[in-house]
Amino acid sequence: SDRVLSLIQPTADSLHLGNYLGALRQWVPLQDSYDAFYGVADLHALTVEPDPVVLKERTLRAAAQLIAAGIDPSRSTVFVQSHVVEHTQLSWVLSCMTGFGQASRMTQFKDKSAKAGSDSTNVGLFSYPILMAADILLYQAAQVPVGEDQRQHLELTRDLAGRFNARYGRTFVVPEPHILKSVGKIQDLQEPTAKMSKSAASPNGLIDLLDDPKINVKKIKSAVTDSGREISFDEDAKPGVSNLLTILAALTDEPMDTLVAGFEGKGYGDLKGAVADAVTAFAAPYRERTLQLLDERTELEKILAEGAAHAREVAHSTITDVYAKVGLLPA
Ligand code: TYM
């Protein structure tokens, strides 16, 4: 069957609600109809130059959270990016086919490097989207479930796949982004016109799924809302309320219309209470499962070793084909 692939960076101790609703939640049902590859992008995380001990721990924590969220390692291949050397191999070949100008136009790179200044921006951050393209193309993934912020990187990936196929003959599946309009961009609770992100100015707008549920309830209750009192879904006029409604609709699987109708005559406090309950109902057992998986570390490491072995088989076959096509002498 067709393949689906997505990775997540181990750049924090906990995944946040945006990661879950925008991406990970979609990964779970896709296991039913696709041959799924899900993993932890530890090589990508090196771009922020993390402490080595912390990176190792976060890689395991991220893997545990994928499983806690419902990824089933007996059906899906769960792996760590650096365990499959072919990612860096393909990344180099693709780098040599990517225009410097095209890479320079990646908005995430422009934002991050503008914030850091060019002296503290490493080259890895610049070539980051090319490594991401390699992640996807190695596995011939047809669908890539991600949040809206990855759309431009997917465009680059499609471009590179098309360019390679045109130059060397059909080699790669050209992947489709799987981005849900409803949840593709979960916003910051304190600044509802910006996406929820671990690098936000204030931690109060961010829901870390592994935090003490009490802390998250507090953050939700102090979320920025909008003027007026009516609960309606209008992202331009009411970004704060609309973001809370988006979160609630996603977590309860309720259609937006029904949800909004249910709040007729009620106030912002009622909405926040409902969101807090829904987040807790998801996050409390998620946290328990994650901590349990981390307690059984050898079991988790075994899952990752098996995942890497399977991923390597697929990746090796792609890179062998690619190396031959571009004219590298077989070893
Ligand atoms: P990362 O680790 O930053 O985020 C993981 C996933 O969460 C999504 N996301 C959001 N979705 C909705 N609202 C938000 N506020 C929000 N914040 C984050 C991201 O879009 C992502 O899907 N480059 C990727 C990791 C990666 C990858 C890949 C993804 C590496 N290789 C290959 C797919 C395929 C990243 O930094 O995601």
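The values are calculated or read from the model by the stated rules, or taken from the named source; none is laboratory data. In this text the structure is predicted, and so the values were computed from the model without any measurement. Glycine also receives a Cβ, built like all others from the backbone with ideal geometry; neighbour counts cover every protein chain displayed. To get the accessible areas, we keep the full protein, side chains included, count just its heavy atoms, and leave off ligands, DNA and RNA. Shrake-Rupley method; radii C 1.70, N 1.55, O 1.52, S 1.80 Å.
The Cβ shell under 13 Å around residue 266 holds other residues with a net charge of -1, Lys and Arg each +1, Asp and Glu each -1. One decimal place: the segment residue 281-residue 201 gains 26.1 nm when fully extended, by the rule 0.36 nm per residue minus the C-alpha distance.
The accessible-area ordering, largest first, of the residues 229, 25, 312 stands as 229, 312, 25, per a 1.4 angstrom probe. Excluding residue 251 itself, what net charge comes from residues whose Cβ is under 11 Å from its Cβ, given Lys and Arg +1 and Asp and Glu -1? Around residue 251, the surrounding residues sum to -2.
Charges were assigned to the Cβ only: +1 to each Lys and Arg, -1 to each Asp and Glu. The resulting dipole of the range 88-226 about its Cα centre is roughly 180 debye. Here the gap between residue 95 and residue 57, fully extended at 0.36 nm per residue and compared with their Cα-Cα distance, gives a gain of 10.7 nm.
Restriction of the GluC sites (Glu not before Pro) in the range 188-268 to DSSP coil positions whose beta-carbon has at most 13 other beta-carbons within 10 angstrom yields 264.
Using the Cβ-Cβ distance between residue 236 and residue 148 with R0 set to 25 Å, the FRET efficiency works out to roughly 0.90.
Restricting the calculation to Cα atoms, the chain shows an Rg/Rh of 0.99 when the hydrodynamic-style radius is the Kirkwood one. For the chain, a Gaussian network of Cα nodes joined below 10 Å ranks 141, 23, 261 by mean-square fluctuation, and the top entry is 261.
Each of 251, 130, 300 was placed along the dipole of the chain (beta-carbon charges, centred on the mean Cα), and the one lying farthest toward the positive end is 130. Across the options 43, 26, 66, the greatest Cα extent toward the positive end of the charge dipole of the range 1-142 (unit charges at beta carbon of Lys, Arg, Asp, Glu) belongs to 26.
A simple charge model with +1 on the Cβ of Lys and Arg, -1 on the Cβ of Asp and Glu and nothing else charged puts the dipole of the range 117-166 at about 200 debye relative to its Cα centre. Counted by Cβ distance under 9 Å from residue 242, the other residues give a net charge of -3, where Lys and Arg count +1 and Asp and Glu count -1.
Centre-to-centre separation between the Cα atoms of the range 177-201 and those of the range 1-59: 17 Å.
Evaluated over the Cα positions of the range 62-129, the convex hull gives a direction-averaged projected area, one quarter of its surface, of 6.6 nm².
In order along the range 54-63, phi translates into HN-Hα couplings of 5, 4, 4, 5, 5, 5, 5, 5, 5, 4 Hz, rounded to whole numbers, per the Karplus curve 6.51 cos²θ - 1.76 cosθ + 1.60 with θ = phi - 60° and x for Gly and Pro. With all protein chains in place and a 1.4 Å probe, the accessible surface of the chain carries 53 percent carbon and sulfur. Taking every Cα-Cα distance in the range 35-176 and sorting them into 10 Å bins starting at zero, the pair-distance distribution P(r) comes out as 10, 38, 38, 13, 1 percent.
Net charge dipole, the range 186-331: roughly 400 debye, given to the nearest 20, about the Cα centre with Cβ charges of +1 for Lys and Arg and -1 for Asp and Glu.
Along each principal axis, taking the top coordinate minus the bottom one, the Cα set of the range 93-242 gives 60, 36, 31 Å in descending order.
The HN-Hα couplings worked out from phi for the range 109-118 by the Karplus form 6.51 cos²θ - 1.76 cosθ + 1.60 (θ = phi - 60°) are 5, 4, 4, 5, 6, 5, 5, 7, x, 5 Hz, whole numbers, x standing for Gly and Pro.
Per residue, the Cα convex hull of the range 226-278 amounts to 64 Å³. Placing unit charges on the Cβ atoms of the charged side chains and taking the dipole of the chain about its Cα centre, the candidate lying farthest along the positive direction among 330, 262, 9 is 330.
Distance distribution P(r), the range 10-87, all Cα-Cα pairs, bin width 10 angstrom from 0: 18, 50, 29, 3 percent.
Approximating the spin labels as points 7 Å out from Cα along Cα→Cβ, the residue 227-to-residue 119 distance works out to 4.5 nm. Each principal axis of the Cα cloud of the range 133-203 was taken in turn, and the coordinate range along them, longest first, works out to 50, 22, 17 Å. Helix-only arithmetic for the chain: the sum of -39500 (n - 2.57) across DSSP H runs with n ≥ 4, divided by the residue total, places the mean residue ellipticity at 222 nm at -17000 deg cm²/dmol.
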